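Inspection log for the structure reproduced underneath, given as structure tokens.
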Amino acid sequence: MRRILNSVLSAVCLLTALGAGASGCWVAKNHDFGAFDENLGTVYCEFYLVNEGTEPLAILAARANCGCTRPEYSTAPVAPGDTAVIRVGYNPEGRPGKFMKQIKVDCDTDPLRTALTIRGTVIGASNTLRTRFPVAVGESGVKLRSTNIPYGKVYVGETTGQYMEGYNATADSIHPYVTDAPRWLNVMIQPEAVGPGEQFIISTVLHAPANQWGALTGSFNFHPDRGSDAVQEVETVALLSEDFTRLTERERAEAPVIDVEPVAIDLERISRNDKPMKRTFTITNKGRSTLIIRRVSCQDAAVEVKLKDMKIKPGKSVKAEVTVIPEKIRSAELLNARINIIANDPERPSTMVRVVGELK
């Protein structure tokens, strides 16, 4: 313990002595690497601190804001008139696009802390681009992270945002844009002009329609540059649901309760040559207030559903008519369709009825 205490006191005395009359001047605080290939590996630059004071100075610490950036330096005192050097390395592996990193340097001068900045643009290697941006937009050289933007669950009438990244792997600047977005979706690309080797962001804002429930799908066309014939369709999907979070305990106790019977319709063995088949299932309201069926749908073209009454009073039931058209079944072996029922039951806002059958 005594040895540790003596070491600390010695360090404090050294810093106090160094600080008296110490004055440093940075030759430059910024370095731009420009554009360089990822395959070059770690690139380096140097920052110089000239001691303009009358006493020695020392670099106490240097820390980067990212693990990809590493400063190297000596803590030895620098005599008046001499120069201290910080060597900074940046590792571009797996990091295509623009970058800007800061290195916080502490010296025994006034001010104590100085921020140094490095920046540049990494031209991504082919392996990196295949991993991070696997979608090639035609032969344009522009790449996207995905062709789908999912929003997850969104409350009806709510506004939410989501984004997707892209990359310009060409040697020229591009001006990407989008067309044919649905009316409830705003799409913006930032920045408007994307330089070689730079990334861009496709930002979207979804305004969930107030009169729709369940799956909301749409798409827009991405164009990599003005005058380019290349185009990529980007799909969007959100699950619109009612917001029950503001209901009180009493309102939940008085809420409607949906019950569906049966939850599976088994057609057993069927043939594509069979005539359309009709089946039914029953929706019952076992709650204390009116059950409102927001939407009944099936994404399988072979199954059609009709429900005459979308409002069911407490204790009442309605029958839904299901029509199966065998010639429209897409699978070669099985029919496995799902009918989705969206209702205002806060405990079961979504209920599913399966329609199954084995093709002869």
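The values are calculated or read from the model by the stated rules, or taken from the named source; none is laboratory data. Everything numeric here is computed off the predicted structure, so don't read it as measured data. Positions of Cβ are generated from backbone atoms using ideal geometry, with glycine treated the same way; all protein chains shown enter the neighbour counts. Note: areas computed on protein heavy atoms with side chains; ligands, DNA, RNA excluded. Shrake-Rupley method; radii C 1.70, N 1.55, O 1.52, S 1.80 Å.
When the Gaussian network model of the chain links Cα atoms closer than 10 Å, the mean-square fluctuations of 120, 41, 218 top out at 41.
Solvent exposure of the chain, expressed per residue, is 56 Å² of accessible area, with all protein chains present and a 1.4 angstrom probe.
In what order, largest first, do 334, 185, 307, 247 sit by accessible area if the probe radius is 1.4 Å? List each step's numbers first, then the result.
Values: 334 100, 185 10, 307 30, 247 60 Å².
From most accessible down to least: 334, 247, 307, 185.
The relative contact order of the range 96-245 comes to 25 percent, based on Cα pairs under 8 Å that sit 6 or more residues apart.
Of interest is the spacing of the C-alpha centroids, which for the range 335-350 and the range 133-181 amounts to 31 Å. Each residue of the range 116-131 is assigned a 3J(HN,Hα), and the resulting list reads 9, 10, 10, 8, x, 9, 9, 7, x, 6, 4, 5, 5, 5, 5, 7 Hz, derived from the Karplus form 6.51 cos²θ - 1.76 cosθ + 1.60 (θ = phi - 60°), x at Gly and Pro. Relative contact order, whole percent, for the range 200-274 stands at 24, derived from Cα pairs under 8 Å and 6 or more residues apart. In the chain, Rg over Rh equals 1.22, where Rg is the alpha-carbon radius of gyration and Rh the Kirkwood radius from pairwise Cα distances. Pairs exceeding 28 Å between alpha-carbon atoms, taken from 153/306; 153/311; 275/306; 29/143; 101/143: 29/143. Histogrammed with a bin width of 5 Å, the alpha carbon distances of the range 64-155 distribute as 3, 9, 15, 15, 11, 11, 10, 8, 6, 5, 4, 2, 1, 0 percent, first bin at zero. Annotation: aspartates and glutamates with alpha-carbon distance below 16 angstrom to residue 319 (same-chain offsets under eight excluded): 259, 261, 304, 309. Here residue 98 is the anchor, and the aspartates and glutamates within straight C-alpha reach of less than 17 Å, apart from those fewer than 8 places off in the same chain, are 32, 37, 38, 165, 172, 192, 198.
Applying the Karplus relation 6.51 cos²θ - 1.76 cosθ + 1.60 with θ = phi - 60° to the range 77-84 yields 3J(HN,Hα) values of x, 10, 5, x, x, 8, 10, 8 Hz, where x marks Gly and Pro.
To put it simply, the accessible area of the range 23-74 at a 1.4 Å probe is 48 percent carbon and sulfur.
When the solvent-accessible area of the range 163-275 is split by element, carbon and sulfur atoms take up 46 percent of it, the probe being 1.4 Å. With the convex hull of its Cα atoms as the shape, the range 257-360 has an orientation-averaged projected area of 6.0 nm².
If you add up the charges near residue 67, with Lys and Arg at +1 and Asp and Glu at -1, over every other residue whose beta carbon is less than 15 angstrom from its beta carbon, what do you get? Could the numbers behind the result be given before it?
Values: positive: 63, 70, 95, 101, 104; negative: 72, 93.
Net charge in that neighbourhood comes out at +3.
Across the range 158-253, the mean sequence separation of Cα contacts (distance under 8 Å, 6 or more residues apart), normalised by length, yields a relative contact order of 29 percent. Over the range 227-298, the Kirkwood radius and the radius of gyration, each from Cα atoms, give a ratio Rg/Rh of 1.20. Apolar share of the accessible surface for the range 280-360: 45 percent from carbon plus sulfur atoms, 1.4 Å probe.
For 143, 275, 98, the ranking by accessible surface with the largest value first comes to 275, 98, 143, using a 1.4 Å probe. Relative to the longest principal axis of the Cα atoms of the chain, helix 2-19 runs at roughly 70 degrees. For GluC sites (Glu not before Pro), the sites in the range 211-315 that DSSP calls loop and that have at most 15 other Cβ atoms within 10 Å are 254.
Hey, got the dipole for the range 20-128? About the Cα centre, +1 on K and R Cβ, -1 on D and E Cβ, debye to the nearest 20?
In debye, rounded to 20, the range 20-128 gives about 460.
Computed with a 1.4 Å probe on the full set of protein chains, the accessible area for residue 129 sits at about 10 Å². Of all DSSP bridge pairs formed entirely within the chain, close to 85 percent run antiparallel.
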